[in-house]
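The values are calculated or read from the model by the stated rules, or taken from the named source; none is laboratory data. All values reported here derive from a predicted model rather than from experimental measurement. Cβ coordinates were reconstructed from backbone atoms using ideal geometry, including for glycine residues, and neighbour counts include every protein chain displayed. Side chains are part of the model used for accessible areas, which takes the heavy atoms of the whole protein and leaves out ligands, DNA and RNA. Shrake-Rupley method; radii C 1.70, N 1.55, O 1.52, S 1.80 Å.
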Amino acid sequence: MAEARVPKWRTDFPFTAEGEDEVTRREFARYLVLASAAFAATSVGVAAWTSSLPVLHGPARAIVPARELPPGGTVLFRYPEEHDPAILVRLHDGALRAFSQKCTHLGCVVYFEAARDRMICPCHDGVFAARDGVVLAGPPQRPLARIAVEERTDGMIWTLAQEVG
Ligand code: FES
């Protein structure tokens with residue numbers, strides 16, 4: 001006896017035409033909610049990421065001749081304004097890094113611990129990585145604000161101009 005052959009799509013999607021509309025609307029609503037949730041999560045993630053990697057904005061400015069900053073060395077300067085303390089360091093591998101000297105906890109002045117490539121805040125034992133400014137220990141919740149710098153062919157170390165916004 002021959003059975004009526006049921007197409008595969010019918011077994012995979014066993015909905016009537018009337019039901020299909022409801023399912024389609026339901027599925028659409030579900031995708032809409034999921035897409036909105038994914039978009040919101042992405043926005044929050046991007047906002048958190050960008051706020052966790054603060055960069056100070058300001059003009060390009062020569063700081064110091066590069067030959068005066070050996071590995072483990074430190075130069076204090078002011079950036080982006082004259083009342084903003086900043087610190088330029090050369091890590092042991094020769095990389096240059098610069099940060100606001102204000103601790104992100106309560107604003108004490110951080111210093112460079114050259115032996116371990118770390119920034120230290122003496123007020124409450126805050127510790128930051130000198131490579132990227134992330135918090136390693138202590139009460140600070142946010143990384144140090146970084147200042148983009150580069151060594152130029154004129155032999156000077158410069159801050160890079162950063163667009164605000
Ligand atoms: S002010 Fe730096 S750890 Fe509290």
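Go through region 49-110 and name the GluC sites (Glu not before Pro) that are in a DSSP coil and have 13 or fewer other Cβ atoms within 10 Å of their Cβ. Within region 49-110, the qualifying GluC sites (Glu not before Pro) (loop, at most 13 other Cβ atoms within 10 Å) are Glu81, Glu82.
Taking amide H as placed 1.01 Å from N in the peptide plane, the amide H of Gly126 sits under 5 Å from that of Cys121, each at least 5 places away or on another chain. Pairwise Cα distances in region 61-159 exceed 16 Å in 50 percent of cases.
Close amide H partners of Arg118, meaning residues 5 or more places away or on another chain with modelled amide H under 5 Å apart, are Glu113, Ala130. For Leu56, Leu144, Leu34, Leu106, the ranking by accessible surface with the largest value first comes to Leu106, Leu34, Leu56, Leu144, using a 1.4 Å probe.
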